[in-house]
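The values are calculated or read from the model by the stated rules, or taken from the named source; none is laboratory data. Computed from a predicted structure; not experimentally measured. Every residue, glycine as well, gets a Cβ built from its backbone with ideal geometry; the counts of neighbours run over all protein chains shown. Note: areas computed on protein heavy atoms with side chains; ligands, DNA, RNA excluded. Shrake-Rupley method; radii C 1.70, N 1.55, O 1.52, S 1.80 Å.
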Amino acid sequence: MKSVICDIDGVLLHDNKLIPGSDKFIARVREQGNPLVLLTNYPAQTAKDLVNRLDAAGIEVTEDQVYTSAMATADFLRHQDGKKAYVIGEGALTHELYKQGFTITDINPDFVIVGETRSFNWDMIHRGARFVAEGARFIATNPDTHGPNHSPACGALCAPIERITGKKPFYVGKPSAWIIRSALNHLGAHATNTVIVGDNLKTDILAGFQAGLETVMVLSGVSKMDDLDKHPFRPNHIFPCAAEIDVI
């Protein structure tokens, strides 16, 4: 039986509204008994927050069936030396770091970790750039530059620190294969028997391709058929929306 890694925005929801039929897709996957995790690059909500968001739209999942770039970032850092971090992000990210034994500090941090926050300001840029210039390792939850309605996302928040220091962050989230491996470990699954469902060729599908997963693209979100010619790789399957997926 195939394990399923599924994106949220553009596949199941548009903002907080259900994409018609996506609730039935998730219900079918769960009824069949396929191991399932919903994987999102968005780091500013906890698993419980996301479960409540999905439930409000009519999609039922459990907290252990949700995995975020904040969780993957904490998992990545668990394998690194150092336990002090300066964090630019919301409580969901610091919560995951606390769970891995990190101290959140602005005194000689080992890492500068950037997620997403609406309170981004000059002081954060200044401190983040200074710490990175002084040797702190630069880590970011995901490379997305913007979200719905062009709201600034993690990649945009990293840009001034990168320009000031000349150092690029390590991005944990899609399309990095790291987040896929972390999600697979969370599922207890293997790449050779796992399908990733996503709406974005540059993130979901590329991440799946790089990690050796079977890839399913839906046309209900970011990428369209015209975008296929812009990339040297192809998804294994393409469907109009999640409701019509018949390979799982």
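When the helices (runs of 4 or more DSSP H) confined to region 145-248 are screened for residues that are within 29 Å of residue 127 (Cβ to Cβ) and assigned by the TED database to the domain that holds residue 118, those reaching at least 2 such residues are found at 154-165.
Of a type outside the set (Lys, Arg), free of Cβ contacts under 8 Å to residues at least 40 places away in the same chain and out of contact with any Lys or Arg (no Cβ under 6 Å at 6 or more places or on another chain): is that true of residue 238 in this structure? Considered against the rule, which asks whether it is of a type outside the set (Lys, Arg), free of Cβ contacts under 8 Å to residues at least 40 places away in the same chain and out of contact with any Lys or Arg (no Cβ under 6 Å at 6 or more places or on another chain), residue 238 comes out as yes.
Results for (1) touching a Gly at 6+ places or on another chain (Cβ under 9 Å); (2) over 30 Å from residue 139 (Cα atoms), shown as yes or no for each residue.
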| residue | (1), (2) |
| --- | --- |
| 1 | yes, yes |
| 4 | no, no |
| 17 | no, yes |
| 23 | yes, yes |
| 51 | no, no |
| 66 | no, no |
| 69 | yes, no |
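Counting residues in region 94-105 that are assigned to a strand (DSSP E or B), open to solvent by 40 Å² or more (accessible area, probe 1.4 Å) and closer than 27 Å to residue 133 by Cα gives one or more.
This table checks each residue for (1) outside any helix (DSSP H, G or I); (2) closer than 30 Å to residue 120 by Cα; (3) in contact (Cβ under 8 Å) with a residue 60 or more places away in the chain.
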site	(1), (2), (3)
31	no, no, no
34	yes, no, yes
43	yes, yes, yes
53	no, yes, no
56	no, yes, no
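In this structure, residue 127 qualifies as more than 30 Å from residue 1 (Cα to Cα), touching a Phe, Trp or Tyr at 6+ places or on another chain (Cβ under 7 Å), basic (Lys, Arg) and open to solvent by 10 Å² or more (accessible area, probe 1.4 Å).
Would you mind stating whether residue 64 is farther than 25 Å from residue 219 by Cβ and open to solvent by 20 Å² or more (accessible area, probe 1.4 Å)? Yes: the conditions hold for residue 64. Contact map, region 155-184: first residue free of Cβ contacts under 8 Å to residues at least 60 places away in the same chain, second residue open to solvent by 10 Å² or more (accessible area, probe 1.4 Å) and hydroxyl-bearing (Ser, Thr, Tyr), Cβ cut-off under 7 Å, separation 6 or more or different chains; pairs are 155/145; 156/145; 175/203. The one condition from (1) open to solvent by less than 50 Å² (accessible area, probe 1.4 Å); (2) farther than 20 Å from residue 180 by Cα that residue 137 does not meet is (1).
When we screen 66, 132, 112 for residues that are in contact (Cβ under 8 Å) with a residue 40 or more places away in the chain and hydrophobic (A, V, I, L, M, F, W, C), the only hit is 112. Being touching an Asp or Glu at 6+ places or on another chain (Cβ under 8 Å) and surrounded by fewer than 24 Cβ atoms within 10 Å (Cβ to Cβ) is the filter here, so list the residues in region 202-214 that pass it. Passing the criteria: only 203. The residue of region 170-196 that is farthest from residue 42 (Cα to Cα), among those that are of a type outside the set (A, V, I, L, M) and touching a Lys or Arg at 6+ places or on another chain (Cβ under 9 Å), is 193.
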